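Taking it in order: structure first as structure tokens, then the write-up.
The values are calculated or read from the model by the stated rules, or taken from the named source; none is laboratory data. All figures in this text were calculated on a predicted structure; none of them were measured in a lab. Note that each Cβ is placed from the backbone with ideal geometry, even for glycine, and that neighbours are counted across all protein chains shown. Keep in mind that these areas ignore ligands, DNA and RNA; they rest on the heavy atoms of the full protein, side chains included. Shrake-Rupley method; radii C 1.70, N 1.55, O 1.52, S 1.80 Å.
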Amino acid sequence: MNVSLKRIQAIFIKDYKEFTRNYAVSIMILFPIVFALLYRTEAGDQAAIYAFIMNFSLAMLTSFVQACLIAEEKERNTLRSLMMTPASMLDVLIGKSALVFLISAAVLAFTTYLFGYETSNVMLLAAALGISILLYTAIGTICGLYSKTLLEASLSVFPVLIIFTAGPFALAFEEQYPFLEVLRYLPSSQLSELLVAMEVGAAAGELARPLVIISVWAVVLTIISFILYKKRLMDQ
């Protein structure tokens, strides 16, 4: 499958213009920053608080913006036109994901700075957040492709926000309710475990396991988003 940088760039620029014009979507970049300012002076486990801010930001910013950008095109029937152009599936999905990835990476980096979170393993933190951005971008793509309107896309992200953000906190009740153990394998829970493990200086094996699980989630959800896109293309 051919990949054209010119087509990817054209899609990227188009999405950037739509993002800057749609204030209901672009305002989402403020939520992570506000949360960082609110919680940076909180006492307690800084790694756990930082993990909450990152998980919330990934769902509320990355997934939400990606879903809305795709659903907005579907609502205006421009996604169908885009599918019919010579642009390949990879051209479209990379082009439509690149903007969200860059915005998320920049906002999360700034949020980390504002919160004051520090770690001796910056590369591992960057890798975990980078993979998580890809994962939540795939979730946003799936939500957007399943939605017919911008409103539907906005609502479809909320289950993701609730489950993925609240999952790590629900594990506090796993002794009383053993079935909650399954929530430990959520990418949000694994990101929290990774950050806590980094905080206490865990061994390399303990750090690798959460990163591998997050990566598996990212690969599986990306494949699902590709399959769903091809299905939508064949349905036209």
- prompt: So which residues in region 3-50 are within 25 Å of S154 (Cβ to Cβ), touching a residue at least 12 places away in the same chain (Cβ under 8 Å) and among the β-branched types (V, I, T)?
  reply: I11, V25, I29, I33
query: Tell me, which helices (runs of 4 or more DSSP H) wholly within region 11-58 include 3 or more residues that are surrounded by fewer than 17 Cβ atoms within 10 Å (Cβ to Cβ)?
result: 23-26, 30-39
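Kindly indicate whether any position in region 123-143 is under 17 Å from E72 (Cα atoms) and free of Cβ contacts under 8 Å to residues at least 12 places away in the same chain.
Here is the first cut: in region 123-143, the ones under 17 Å from E72 (Cα atoms) are 137-143.
Next, from what is left, pick out any that are free of Cβ contacts under 8 Å to residues at least 12 places away in the same chain: none.
Within region 123-143, not a single residue is under 17 Å from E72 (Cα atoms) and free of Cβ contacts under 8 Å to residues at least 12 places away in the same chain.
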- request: Could you figure out which of (1) within 22 Å of L228 (Cα to Cα); (2) in contact with a Phe, Trp or Tyr (Cβ under 9 Å, 6 or more places away or on another chain) isn't true of I33?
  value: (1)
message: Looking only at region 144-177, count every residue that is open to solvent by 20 Å² or more (accessible area, probe 1.4 Å) and either of a type outside the set (A, V, I, L, M, F, W, C) or farther than 30 Å from T78 by Cα (or both) and tell me the total.
response: 21
field: Test: residue in region 132-148 that is of a type in the set (V, I, T) and at pLDDT below 90
entry: no
message: I'm trying to understand the selection: among the residues of region 186-210, which are surrounded by fewer than 17 Cβ atoms within 10 Å (Cβ to Cβ) and either at pLDDT 90 or above or at positive phi (or both)?
response: G201
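Of the residues V65, V107, V92, which single one is buried (at least 19 other Cβ atoms within 10 Å of the Cβ), over 16 Å from S147 (Cβ atoms) and at pLDDT 90 or above?
Details: V65 fails: over 16 Å from S147 (Cβ atoms); V92 fails: at pLDDT 90 or above.
The match here is V107.
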